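I have placed the structure first, in the form of structure tokens, so that the comments after it can refer back to it.
The values are calculated or read from the model by the stated rules, or taken from the named source; none is laboratory data. Treat the numbers as computed from the prediction; the structure is a model and nothing was measured. Neighbour counts are summed over all protein chains in view; Cβ atoms, including those assigned to glycine, are modelled from backbone coordinates with ideal geometry.
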Amino acid sequence: MSVLAIAVYTVAVVWLLWAVHVWHQGFVKDTILWFCFSGVVMVANFVTSKDNENIFKAVAKDNIKAVLLVEFVVNAFNFSLTGELLFVPFMTFVVLLNAVSSLRDEHKPVATLTGWVLAIIGFTLLYLSVADAIAHYQEFGNFDTLRSIVLPPLLSLLFAPFLFVFVLLTTYEQVFMRLRLGASKPRSLLWYARRRILWHFGCNLSKLKSFLSANALHLMQLQDRADVDQLLSSSQPNTAS
């Protein structure tokens, strides 16, 4: 379901970029590669991360780095039609396998192996792209190349709102799951706790993550509304999200 949601949002972003003449059919490969290497991976990383770094700042920072140059060179390299038909599905499978296997400790060996595969392929693509760039340096000044440079970081920046909402909802679901665990609780207490938590934290993702990390056990042990009020009173949300 999460991959489908990412895909639907990506299609919506691509439609918007197409409407303003930033995206065209020639960027299908670039978009698919971004989806596999960045979109899905960013969701997996932020959902599982215990770091409270602001998502918007993190995404912006990642796209200001010298990665822009790497993406420029890599995107300039073109496979044959047969190569792309084989490469894109294979990379999609490896990236998804890496993202899923990173979620559980018992699957870490698979995550490590797929990580090495991605690294080797990435360096190979970079080498081939540099060689191709040197051979065709005179073609780097056209408008399509400029749009190809801008596209990956632009997709990432436009993806940040979806990423924030997705991680926020996932974190709330983890909090509410803790409420359902432990001793049996009346339905009225569960509804009260959910309502108070939502009102207390709102869109403050950083504070919500800290609250979940510090109070996972306490959420399971709540017995009445007084316990809920006391737990929340000891966790005042910050003004920044």
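Any idea which of 58, 7 is assigned to a helix (DSSP H, G or I), surrounded by fewer than 19 Cβ atoms within 10 Å (Cβ to Cβ) and modelled with pLDDT of 70 or more?
7
Please find, within the range 146-191, the residue that is nearest to residue 47 (Cα to Cα) out of those that are touching a residue at least 24 places away in the same chain (Cβ under 8 Å) and more than 27 Å from the chain's Cα centre (by Cα).
181
I need every pair where a residue in the range 1-29 that is closer than 18 Å to residue 41 by Cβ and in the same structural domain as residue 152 (by TED's automatic domain parsing) has its Cβ under 7 Å from the Cβ of a residue that is of a type in the set (D, E, K, R) and surrounded by 12 or more Cβ atoms within 10 Å (Cβ to Cβ), sequence separation at least 6 or different chains.
That search, which allows pairs on different chains as well, returns 29/84.
Somewhere in the range 218-239, is a residue under 30 Å from residue 37 (Cα atoms) and at pLDDT 85 or above? Lay out the reasoning, then the answer.
First, pick out the residues of the range 218-239 that are under 30 Å from residue 37 (Cα atoms): none.
No: the range 218-239 contains no residue that is under 30 Å from residue 37 (Cα atoms) and at pLDDT 85 or above.
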